Amino acid sequence: MRVVGVPLYLDDKGFDAVAGGLASWPPEGPLLLDARNTKWASPYGFAAMLSLGQALRELGLARPQFAVPEQTETSSYWATAGFFEHAAAMFEVRGRVPRPKRGPASGILLPVTQVRASDDVHDVVERIQKPAAEVFKQLHLESIGAPRFSMALSEACQNIIEHAGTGGWVAVHSYNYRRRLGRRAVEIAVCDPGIGFRQSLEAAEARKWDDRWGDSAALEAAVVHAVSRFRDPGRGQGLAAIKGYLLKWQGKLSIRSGTARIAVVPPWDDDPALERGLPHFPGAQLQIVVPAQEPPTA
Amino acid sequence: MILTLRVDDFLRGAVAIPTRDLLTRPTGAAVRGRIVSAIAAAEQPTACLDFGAVGLIDFSCADEVVAKLLRVLATGRYVVLRGLDDTHAEAIHYVLARQELSVVVVPRDGGWDVLGYATPDMRAVLEVVYAEGPGDTDRVARRLDWTPERAADALQTLALRRLVLAAGGTFAPLPVP
């Protein structure tokens, strides 16, 4: 059995380590995802982990085992964030799974939710509007406005419907982003294990890029040049609009697909704009981070 | 003279769950299809799409409902938008400007405006036509102290974009509610 340790912090970088631990894609032999020591997960961590489970299920592979975080506070938060509700269908969950807390949970604007069709996007946006409006007040983001945030969420979710060729996952939380930002932030994560940017754009773009064509070129085509696989003149503007918003909001957009990640990097972050040679993971994993407009906390 | 269509009416039935939000391309395509049918069946050449009871509009849906509607509008048909809030206007302006499309809108506080592609010359001439009513090229040229050729070029552009009505050398504002 291959044991893949889930890092202490399961965020975008933490999930890279998980993808690396798989060694190959698809992973060979039985798999144990060991999250016993994990202390924290971001929306990206939840959505990407469920995408991993979904990908293995869609490939018809044996259900991997998933060892639950041992810290009660952590596992309780994961339950409230909706992770275990969906994980049970994809993993053999090992360990004690607490009940989700009832009522509004601190910071969870949208528990991890499956997106498969247009109606799911309507449902997600309907559910996010009230909590987003409240959190935007707390985070002094009134000038941005919760409606624009919901529009960005809608466009991000539509990437699954329009391009993934399968379903995916979305989650939205606010949290204190101490490690990189030093203040609170709201994060949208939208992940799928579908065909990814390279395959989606291959027919339309590969020839233009010649031997440069690959995951990073596909991300560059989509995010920098607003290219879409559809020929309609209005296509490709969803990501472009999100990018425009995040530049205004000093927010961060990052998208991982295959072996590459592209990011619109704000001044508070030091991620590279483009990373190549990451451990392969199918589909597309998108993250949007909007920082609070407030002084950094100590 | 003008057909008013409440956009939220077309949203009902286009989405399985009750909603006021115009989101996603499939929803937008369904709503546009119904609007196109309503316009085709109407006697009035100008349709006013009322967004007053619509919640959110995302960019993809704005593209499907407004940009694609402008592209498929039959000859002799005109569209005006009203009831837009700031984020509606932002999304619609964004998708139209990227495709060099334009539409006349009636802001919530009255008057008129244009969203999408509009050069300074187009705006200047629209100001004259919408403030002073129907007139010819010479009137616009005199009013703006332009050559008749420049005024004619701008008026022709506005007519081709269906931002003004053109008939027999006279250019008139679209009827706005």
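The values are calculated or read from the model by the stated rules, or taken from the named source; none is laboratory data. Source: prediction; values computed, not measured. A quick note on method: Cβ atoms are made from the backbone with ideal geometry, for glycine too, and the neighbour counts reach across all protein chains shown.
Please enumerate the residues belonging to region A:1-48 that are surrounded by fewer than 15 Cβ atoms within 10 Å (Cβ to Cβ) and either under 24 Å from A:Ile195 (Cβ atoms) or touching a helix residue (DSSP H, G or I) at 6+ places or on another chain (Cβ under 6 Å) (or both). Passing the criteria: A:Gly20, A:Ala23, A:Ser24, A:Pro26, A:Glu28.
Annotation note: Cβ proximity below 6 Å between a residue of region A:249-274 that is among the aromatic types (Phe, Trp, Tyr) and a residue that is not in a loop (DSSP other than H, G, I, E, B) (sequence gap 6+ or interchain) occurs for A:Trp249/A:Val290. Quick check on my filter: what residues within region A:155-185 are more than 9 Å from every other protein chain (Cβ to nearest Cβ), out of contact with any Phe, Trp or Tyr (no Cβ under 7 Å at 6 or more places or on another chain) and at pLDDT 90 or above? The answer is A:Ala156, A:Asn159, A:Ile160, A:Thr166, A:Gly167, A:Gly168, A:Trp169, A:Val170, A:Val172, A:His173, A:Ser174, A:Tyr175.
Are any of the residues in region A:142-154 outside any strand (DSSP E or B), surrounded by fewer than 19 Cβ atoms within 10 Å (Cβ to Cβ) and more than 9 Å from chain B (Cβ to nearest Cβ)? Within region A:142-154, one or more residues are outside any strand (DSSP E or B), surrounded by fewer than 19 Cβ atoms within 10 Å (Cβ to Cβ) and more than 9 Å from chain B (Cβ to nearest Cβ). Taking region A:214-252 as the range and being at pLDDT 90 or above, outside any helix (DSSP H, G or I) and either closer than 23 Å to B:Thr24 by Cβ or in contact with a Cys (Cβ under 9 Å, 6 or more places away or on another chain) (or both) as the test, only A:Gly251 passes. Just one of the listed residues (A:Gln114, A:Gln138) is at pLDDT 95 or above, away from chain B (no Cβ under 14 Å) and either loosely packed, with under 15 Cβ neighbours inside 10 Å or on the phi < 0 side of the Ramachandran plot (or both), namely A:Gln114.
Flag: A:Trp209 matches the condition of being within 22 Å of A:Val224 (Cβ to Cβ) and not in a loop (DSSP other than H, G, I, E, B). Which of the residues that make up region A:114-138 are part of a helix (DSSP H, G or I) and of a type in the set (A, V, I, L, M, F, W, C)? Correct list: A:Val121, A:Val124, A:Val125, A:Ile128, A:Ala132, A:Ala133, A:Val135, A:Phe136. A count restricted to region A:70-88 and to residues that are in contact with a Gly (Cβ under 8 Å, 6 or more places away or on another chain) and assigned to a loop (DSSP other than H, G, I, E, B) stands at 1.
Identification of helices (runs of 4 or more DSSP H) wholly contained in region B:1-93 with 2 or more residues that are more than 14 Å from chain A (Cβ to nearest Cβ) yields B:7-11, B:25-41. When A:Pro111 is tested against the conditions (1) in a strand (DSSP E or B); (2) in contact with a Pro (Cβ under 9 Å, 6 or more places away or on another chain); (3) more than 21 Å from A:Gln158 (Cα to Cα), the lone failure is (3).
Would you mind stating whether B:Arg123 is over 23 Å from B:Gly52 (Cβ atoms), touching a helix residue (DSSP H, G or I) at 6+ places or on another chain (Cβ under 7 Å) and basic (Lys, Arg)? So B:Arg123 fails the test.
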